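The values are calculated or read from the model by the stated rules, or taken from the named source; none is laboratory data. Quantities reported herein were computed from a predicted structural model and do not represent experimental measurements. Don't worry about glycine lacking a Cβ; one is built from the backbone with ideal geometry, like all the others, and counts go over all protein chains shown. SASA here: full protein model, heavy atoms, side chains in, ligands and nucleic acids out. Shrake-Rupley method; radii C 1.70, N 1.55, O 1.52, S 1.80 Å.
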Amino acid sequence: MTEPVTYTLREMRWWDIDPVLELERELFPEDAWSRGMFWSELAHARGPEANRRYVVAEAGSRIVGYAGLVATGEQADVQTIAVSRDLWGTGLGGRLLAELLRAATTFECAEVMLECRVDNVRAQKLYERFGFEPIGVRRGYYQPGNVDALVMRLTAPENSVQGTEING
């Protein structure tokens, strides 16, 4: 039996972009984000006008997951959640999502939206456990594969994170 992986969640910083990109390309080879996309997101994650929250999960010196959210008015949007394949099924995705929902609550958002590939049943089940409900489909959203996105919504995100902890 293998030892459980101990990880810590912390704010994503610019020096995390390269290891995050490695994981991004491994998990999403067809539609991986670019370095510029991450830089742009992080540029809005600090300071008095910050409206984004990006976190990484670290196991030792290795980035094993990351997640990000943007808040606009009373609505937040989950931009990305990724977990290293060797940690699928360990609860890390749930911890990352809980941290984003805490951020949405801090930003005083009444609802959280996200898009999920229609063929990513694992992620859909995670979101449903947190109370997200499907509300529509965006045809051909993920390019270049032309894969549809399931649009999901959660109302009252503060009710979905009570009793969750940040560290694994």
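Helix-only mean residue ellipticity at 222 nm, the chain, DSSP H runs n ≥ 4 weighted -39,500 (n - 2.57), per residue, nearest 500. What is it?
The helix contribution divided over the chain gives -8000 deg cm²/dmol.
Tell me which label goes with the value of Rg and Dmax of the Cα atoms in Å computed from the coordinates here: (1) 15.2, 47; (2) 17.1, 56; (3) 16.1, 48.
(1)
Considering only protein heavy atoms and a 1.4 Å probe, what is the carbon-and-sulfur percentage of the accessible area of the chain?
Carbon and sulfur together cover 48 percent of it.
Please list, ordered by chain and number, the residues whose modelled amide H lies under 5 Å from the amide H of G65; skip anything fewer than 5 residues away on the same chain.
Those qualifying (amide H under 5 Å, at least 5 residues apart or on another chain) are A57, S84.
List the residues of region 119-138 whose backbone N lies under 12 Å from a point placed 7 Å from the Cα of E30 along the Cα-to-Cβ direction.
Residues 119-120 qualify, since their backbone N sits under 12 Å from the label point.
Residues of region 56-93 with backbone nitrogen within less than 14 Å of a virtual label 7 Å along the Cα-to-Cβ line of I135, please, listed as ranges.
72-78
At R0 = 30 Å, how high is the FRET efficiency between E158 and A50 if r is their beta carbon distance? Nearest 0.05 is fine.
The pair E158/A50 has a calculated efficiency of 0.95.
Before I look further, what does the chain give for accessible area per residue, probe 1.4 Å, in whole square angstrom?
54 Å²
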